[in-house]
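Data block below; observations after.
The values are calculated or read from the model by the stated rules, or taken from the named source; none is laboratory data. Bear in mind the structure is a predicted one, so any value in this text is a computation, not a measurement. Cβ atoms come from the backbone with ideal geometry, glycine included; neighbour counts cover every protein chain shown.
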Amino acid sequence: MRTIEPEIDDRVVNSKWIVPLAILTIGLGIVAIIYPFSVSVASTLVFGWVFIIAGIAQLVYAFQSRGAGQVIWKLILGLLYLFAGFFVLANPLASLLSFTLMLGITIFVQGIIQVSMAFQLNRIAPNWGWMLVSGIIGIIFGVIIWSNLPSTSVWLIGTLIGVNLVSDGVWILTLHSGQRRALQ
């Protein structure tokens, strides 16, 4: 059986947005490392607003539905989203612990996905190792978050977000430059 290698997309490699986006990602990561408590609280507040927006969207969707059974379940779900969002916004520090756990799971899963993608890209991207390193860092950070709960959740989450953003920006830059060289 013949395996077909994916081709490098010229439009992506020659995009003028990749390098500035990677530099912005690294810059945001550095800011998060410098101000971890602020980033932790801000992350929690953003999460609360996402729940509120999702709740409003679910309520609008419920009123557009036909049939009483569908409307009731969608209304209940929308109200749960709203309740969760208002709870997070009213108690950001109390919500930080559960948000820290959820972010730890997310970073862990992101790391697993990046490791998997790195092994898929090892034939077409000369700098695929940086994506692998970033994925391994994500897996380690996910485990660190779980093992240090609840005492360090106030500063740890912001620091880990920052380090993760910096490592993501670095692999984007290195992967992009390696693909450009491969095309030339």
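Miscellaneous remarks
- Residue, surrounded by the fewest Cβ atoms within 10 Å (Cβ to Cβ), within the range 119-157, restricted to residues that are touching a Gly at 6+ places or on another chain (Cβ under 6 Å) and more than 23 Å from SER38 (Cα to Cα): PRO126
- Meets criteria (surrounded by 15 or more Cβ atoms within 10 Å (Cβ to Cβ), modelled with pLDDT of 90 or more and closer than 20 Å to VAL154 by Cβ) for ILE107: no
- Test: VAL60 is loosely packed, with under 14 Cβ neighbours inside 10 Å and among the hydrophobic types (A, V, I, L, M, F, W, C): yes
- Filter result for LEU97 (part of a helix (DSSP H, G or I) and surrounded by fewer than 18 Cβ atoms within 10 Å (Cβ to Cβ)): yes
- Apart from one condition, ASN148 fits all of (1) in contact with a helix residue (DSSP H, G or I) (Cβ under 7 Å, 6 or more places away or on another chain); (2) touching a residue at least 24 places away in the same chain (Cβ under 8 Å); the exception is (2).
- Only residues that are in contact (Cβ under 8 Å) with a residue 12 or more places away in the chain, farther than 23 Å from PRO150 by Cβ and polar (S, T, N, Q) were counted in the range 57-98, giving 1.
- Verdict on PRO150 being over 20 Å from VAL170 (Cα atoms) and not in a helix (DSSP H, G or I): yes
- Sole exception among (1) in contact (Cβ under 8 Å) with a residue 60 or more places away in the chain; (2) under 18 Å from the mean Cα position of the chain (by Cα) for VAL50, by number: (1)
- Only listed residue being within 27 Å of VAL143 (Cβ to Cβ) and buried (at least 17 other Cβ atoms within 10 Å of the Cβ), chosen from VAL115, VAL31: VAL115
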